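A.B. asks: Submitted below is the structure of interest, expressed as structure tokens.
The values are calculated or read from the model by the stated rules, or taken from the named source; none is laboratory data. Keep in mind the model is a prediction, meaning the values are calculated, not measured. As a convention, Cβ positions derive from the backbone with ideal geometry for all residues, glycine included, and neighbour counts pool all protein chains shown.
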Amino acid sequence: MRLVVMCSSEGTNFENIVTSCPEIDVVLMVYNKKDCGAAKRAKRLGISSCYIKSKDETIIINEFKWARIDYIFLAGWMRILSSRFIQAFPDKIINIHPSLLPKYKGLDPIQRALDNGDEVTGCTVHIVTEELDSGRILMQEEVGILPHDTIESVTRAVHQAEHRIFPKVLRNLNISGE
């Protein structure tokens, strides 16, 4: 399987994919924020990476088609992809979202769960469609919210859950050839 990962921030999910799934060929990591942690991780891990502005989707589409990728994993890509981009790779774009979808689509889902007094939150890996955070769910993991939890402690717990389920989804896609 040939995989591209798209990142905007620290890149911990990207690094987790590379280190925990050596059987997967991560051919490229694209990032849209200069000097983000993901770029530094790619360099350290020996993975090809490139900076492309989010608005330059034509360049990204052409690059991905040239690389003959099987899947695109969004690992902290903090931009909404256009319909054109999504249609160029139908059912091939996978996202991880820090909530138990369909609850709390969009921004700040962990804070929204805390603000609403939820006892549980979690993360979801799903297929990207043109409707925000609404594609077919591939896997979820719940994370309990305790009375003393803070945004930082819940965020850490959700990231740990993401690190567990993202590789599982990758392996399932690699085995099933979905």
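A.B. asks: For the range 141-149, does any single residue satisfy the condition of being assigned to a strand (DSSP E or B), under 23 Å from Glu23 (Cβ atoms) and of a type outside the set (A, V, I, L, M, F, W, C)? Lay out the reasoning, then the answer.
C.D. replies: Pass one, the range 141-149, residues assigned to a strand (DSSP E or B): 141-144.
Going one step further and asking which of them are under 23 Å from Glu23 (Cβ atoms), we end up with 141.
Checking which are of a type outside the set (A, V, I, L, M, F, W, C) leaves us with 141.
For the range 141-149, residues assigned to a strand (DSSP E or B), under 23 Å from Glu23 (Cβ atoms) and of a type outside the set (A, V, I, L, M, F, W, C): present.
A.B. asks: For Leu3, work out the one condition from (1) under 17 Å from the mean Cα position of the chain (by Cα); (2) surrounded by 18 or more Cβ atoms within 10 Å (Cβ to Cβ); (3) closer than 30 Å to His148 by Cα it doesn't fulfil.
C.D. replies: Against the list (1) under 17 Å from the mean Cα position of the chain (by Cα); (2) surrounded by 18 or more Cβ atoms within 10 Å (Cβ to Cβ); (3) closer than 30 Å to His148 by Cα, Leu3 comes up short only on (3).
A.B. asks: Tally up the residues in the range 89-117 that are of a type in the set (Gly, Ala, Ser) and touching a Phe, Trp or Tyr at 6+ places or on another chain (Cβ under 8 Å), please. Give the steps one after another, and end with the answer.
C.D. replies: The initial filter retains those residues of the range 89-117 that are of a type in the set (Gly, Ala, Ser), namely 99, 106, 113, 117.
Next, from what is left, pick out any that are touching a Phe, Trp or Tyr at 6+ places or on another chain (Cβ under 8 Å): 113.
Here the count works out to 1.
A.B. asks: Let me ask something additional. Out of the residues in the range 109-140 meeting the condition of being assigned to a loop (DSSP other than H, G, I, E, B) and small (Gly, Ala, Ser), tell me which one is farthest from the chain's Cα centre (by Cα).
C.D. replies: Once the filter is applied, the top-ranked residue is Gly117.
A.B. asks: Just one of the numbered conditions (1) of a type in the set (Gly, Ala, Ser); (2) under 16 Å from Asn95 (Cβ atoms); (3) not in a strand (DSSP E or B) is not true of Ala157; which one?
C.D. replies: Failing condition for Ala157: (2).
For every residue, the table says whether it meets (1) surrounded by 13 or more Cβ atoms within 10 Å (Cβ to Cβ); (2) of a type in the set (A, V, I, L, M).
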{"residue": "Cys123", "(1), (2)": "yes, no"}
{"residue": "Leu138", "(1), (2)": "yes, yes"}
{"residue": "Glu141", "(1), (2)": "yes, no"}
{"residue": "Thr150", "(1), (2)": "no, no"}
{"residue": "Ile165", "(1), (2)": "yes, yes"}
{"residue": "Val169", "(1), (2)": "yes, yes"}
{"residue": "Leu173", "(1), (2)": "yes, yes"}
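A.B. asks: Can you tell which of His126, His148, His159, His163 is over 19 Å from Gly11 (Cα atoms) and either at pLDDT 95 or above or not aliphatic (A, V, I, L, M) (or both)?
C.D. replies: When all the criteria are applied, what remains is His148.
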